[in-house]
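Structure, as structure tokens:
The values are calculated or read from the model by the stated rules, or taken from the named source; none is laboratory data. For clarity, every value in this text was computed on a predicted model and none was experimentally measured. Here the Cβ positions follow ideal geometry from the backbone for every residue, glycine too, while neighbour counts run over all protein chains shown. In case anyone asks, the SASA skips ligands and DNA or RNA and just uses the protein heavy atoms, side chains included. Shrake-Rupley method; radii C 1.70, N 1.55, O 1.52, S 1.80 Å.
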Amino acid sequence: MTVTMDAIVSLCKRRGVIFQSSEIYGGLASTWDYGPIGVELKRNVKEAWWRALIYERDDIEGLDAAILMHPQVWVASGHVSSFTDPLVDCKQCKKRWRQDHLPKTFAVALVSTEDSESSVTIARVLAEDADEALKKIKSTKEWGSKPKGYWQVEGEPQLADPVCPECGGELTEPRLFNLMFKTFVGPVEEEAAVVYLRPETAQGIFVNFENVLTTMRRKLPFGIAQIGKSFRNEITPGNFIFRTREFEQMELEYFCKPGEKCKPGEPTDMDWWEHWKAERLNWYKRFGIRAENLRLREHGPDELAHYAKGCVDVEYRFPIGWSELEGIANRTDYDLSQHMRHSGRDLRYYDQERGEHYIPYVIEPSAGADRATLAFLCDAYREEIVEGRERRVLSLHYALAPIKCAVFPLLKNRPELVEVAQKLARDLKRSFFTVYDDTAAIGKLYRRQDEIGTPFCVTVDVDTMTDGQVTLRDRDTMLQERLPIEKVRDVITERLRQAWKG
Ligand code: ATP
């Protein structure tokens, strides 16, 4: 089944997952609010990341640094001078584009066979490569409507200057545009008071490297992880929560010895890079993303920052095509060196065994919480026909499911059923997120919970009054089992626990 972005956006709106921000004022483009279901989902994604890194390992510390930082941080990190995107405008339709995101343009020379002397027409098409360009030209209406053999392609399609993807118009020369949002500290909007909304969480980690190292008495290798909001004044935000101007990152800086400081057999910086590639890929799979929808894409030399020894993107097959979920880079000693130079503080690590100071290398797996949430949503979404009716279900991993259990009375006009169901829901709430619902008929209630990925539904019926048993329904198999009411908590707790382990 192909999942479309429209299906995901519509489900999110209908079921309280994600809303357009400031909707009553007409909305603010590309900004989104997580509703009651979405906030749980995103919290669970972040919790899954935090647990895997901080609680399940013993070499990583957590951090929550401020969004506003000393402006020199961004001078040192290079963001003030070079955190820029090339911006181009369409001279015709005035749309604005990021030059490095424009699809390639190919010019295809067409010769009319009827009037071979004079007519050479150059057609411009957007395509990935020359083959695709040819195919595209041959599938145009113009091509098809001419008498057979009217046009001939002359030579190979050639790469050409990009044109506007919207209207095919000519584009302006690129201008560099800094993506950082500026604001002012204090009442006077003067240059001295300028601060930036952080465009990444990573720098909060680097400037706290020494604090964490000494207070937590760490030795290399060790990591510092943080989750938090970042802001980028993106030129072309879009594709729902894939690219927004305000988003959340989950970043780890894993400090390790540079290869040449390692003893034989000791993992080097490049070994740790490999380690983190595998770990991060496995994390997505562990929480439910199918292997065939994930891949690693190594950056070519033209994409690699000058200081980086390697960078790979974890990509997901989104409805918009393969796109980045997370970047994993070996950033060498670049960031700590820069902060050392600009702050004047000695940020070197003292290696007792070697009896020397040096600057650690760092491996950075940097993920987006919103993009991960979108990927989990897309991968879990299914439409299927059950007993002649369409069923939409989010088969989310139990750990990510916003609501773990929903309790219903089979008949809402029977006070004794309602009372038992409400009491059960109250009891279960103390162990995991449970809701009580009696606002529709049972079939509809099941469907509602399926659509938001609730793994378990419990129904209290007339028989419960005599046999003390309830029906437990499984979201994925739709199988129903009867079990004593007092066992419900333990059964669900155990299934949730097993899912975390798996
Ligand atoms: P892109 O090439 O997509 O702009 P990037 O390479 O600039 O991304 P990084 O700086 O490596 O991204 O940021 C790490 C992660 O943060 C990304 O993999 C992505 O998941 C997330 N992220 C970055 N920019 C955005 C954004 N504008 N909206 C949502 N998530 C983002």
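Rounded to the nearest Å, what's the spacing between the alpha carbon centres of segment 391-433 and segment 150-193? Just the number, please.
50 Å
Under DSSP H, which helices of the chain have Cα atoms covering 27 Å or more of the helix axis and a Kyte-Doolittle average no less than 1.6?
Correct list, ordered by number: empty.
If you roll a 1.4 angstrom probe over the protein chains with everything in place, what fraction of the accessible area of the chain belongs to carbon and sulfur, to the nearest %?
Carbon with sulfur: 50 percent of the solvent-accessible area.
Rounded, prolate or oblate: which fits segment 147-283 when a ≥ b ≥ c are the square roots of the eigenvalues of the alpha-carbon gyration tensor, with rounded for a/c under 1.5 and prolate only if a/b beats b/c?
Details: a/c = 2.98, a/b = 1.47, b/c = 2.03.
Cα axes put segment 147-283 in the oblate bin.
For segment 211-254, which trypsin sites (Lys or Arg not before Pro) are in a loop by DSSP, counting at most 10 other Cβ atoms within 10 Å?
Those that pass, being in a loop and sparsely packed, are Arg217.
So if we plug the beta-carbon distance of Arg295 and His357 into 1/(1 + (r/R0)^6) with R0 = 30 Å, what FRET efficiency do we get, rounded to 0.05? Could the numbers behind the result be given before it?
Working: r = 40 Å, r/R0 = 1.33.
Efficiency, from the Cβ-Cβ distance: 0.15.
Find how many whole Å separate the alpha carbon centroid of segment 237-278 from the alpha carbon centroid of segment 477-502.
37 Å
Rolling a 1.4 Å sphere over the protein heavy atoms, what is the accessible area per residue of the chain, to the nearest Å²?
Value returned for the chain: 50 Å² of accessible area per residue.
Can you give the direction-averaged projected area of the convex hull of the alpha-carbon atoms in segment 403-501, in nm²? Mind dumping the intermediate values first?
On the way: hull surface 23.0 nm².
Computing the convex hull of the Cα atoms and averaging its projections yields 5.7 nm².
When the helices in the chain are scored as -39500 (n - 2.57) per DSSP H run of 4 or longer and the sum is shared across all residues, what 222 nm value do you end up with, to the nearest 500 deg cm²/dmol? Let's see the in-between values first.
Values: 15 runs with 144 residues, N = 502.
So the helix-based figure for the chain works out to -8500 deg cm²/dmol.
What length, rounded to one decimal in nm, is gained on full extension from Asp33 through to Val462, with 0.36 nm per residue of separation minus their alpha-carbon distance? Intermediate values should be presented prior to the final figure.
On the way: separation 429, 0.36 × 429 = 154.44 nm, distance 4.09 nm.
Contour length minus the Cα-Cα distance gives 150.4 nm.
Compute the FRET efficiency between Ser22 and Lys91 as 1/(1 + (r/R0)^6), taking r as their Cβ-Cβ distance and R0 = 35 Å, and round to the nearest 0.05.
That gives a FRET efficiency of 0.65.
Taking the full set of protein chains and a 1.4 angstrom probe, give the accessible area of Val111 in square angstrom, rounded to the nearest 10.
So the heavy atoms of Val111 present about 20 Å² to solvent.
Measuring from centroid to centroid over Cα atoms, what is the spacing of segment 457-471 and segment 324-389 in Å?
The two parts, judged by their Cα centres, are 49 Å apart.
Which lysines, if any, have their Cα less than 27 Å from the Cα of Lys487, not counting same-chain residues under 8 positions apart?
Output for Lys487: Lys404, Lys412, Lys423, Lys429, Lys444, Lys501.
Put +1 on the Cβ of every Lys and Arg and -1 on every Asp and Glu Cβ in the chain; which of Gly168, Met5, Ser22 then has its Cα farthest towards the positive end of the dipole?
Ser22
Of all trypsin sites (Lys or Arg not before Pro) in segment 61-147, which ones are in loop regions per DSSP and have a Cβ with at most 16 other Cβ atoms within 10 Å?
On the way: sites: Lys91, Lys94, Lys95, Arg96, Arg98, Lys104, Arg124, Lys135, Lys136, Lys138, Lys141; in loops: Lys91, Lys94, Lys95, Lys104.
Answer by residue number: Lys91, Lys94, Lys95, Lys104.
Run the reach check for Lys94 against lysines, Cα to Cα strictly under 28 Å, same-chain hits fewer than 8 apart removed. What comes back?
Lys104, Lys136, Lys141, Lys182
So which cysteines of the chain have no other cysteine's Cβ under 4.7 Å from theirs?
Cys12, Cys256, Cys262, Cys311, Cys378, Cys405, Cys457
Of all trypsin sites (Lys or Arg not before Pro) in segment 407-449, which ones are in loop regions per DSSP and have a Cβ with at most 12 other Cβ atoms within 10 Å?
Within segment 407-449, the qualifying trypsin sites (Lys or Arg not before Pro) (loop, at most 12 other Cβ atoms within 10 Å) are Arg430.
So for the pair Glu154, Tyr307, with labels modelled 7 Å out along Cα→Cβ, what separation do we get in nm?
5.2 nm
Does the chain come out rounded, prolate or oblate by the C-alpha gyration tensor, with a ≥ b ≥ c the root eigenvalues, rounded set by a/c under 1.5 and, if not, prolate when a/b is larger than b/c and oblate if not?
Cα axes put the chain in the oblate bin.
As an exercise, use a Förster radius of 35 Å and the Cβ-Cβ distance of Asp346 and Ser431 to find the FRET efficiency, rounded to the nearest 0.05. Could the numbers behind the result be given before it?
Details: r = 50 Å, r/R0 = 1.42.
Once the sixth-power term is evaluated, E becomes 0.10.
Which ³J(HN,Hα) values in Hz, rounded to whole numbers, follow from the phi angles of segment 242-248 under the Karplus curve 6.51 cos²θ - 1.76 cosθ + 1.60, where θ = phi - 60° and Gly and Pro get x?
Along segment 242-248, the couplings run 5, 9, 10, 8, 10, 8, 10 Hz.
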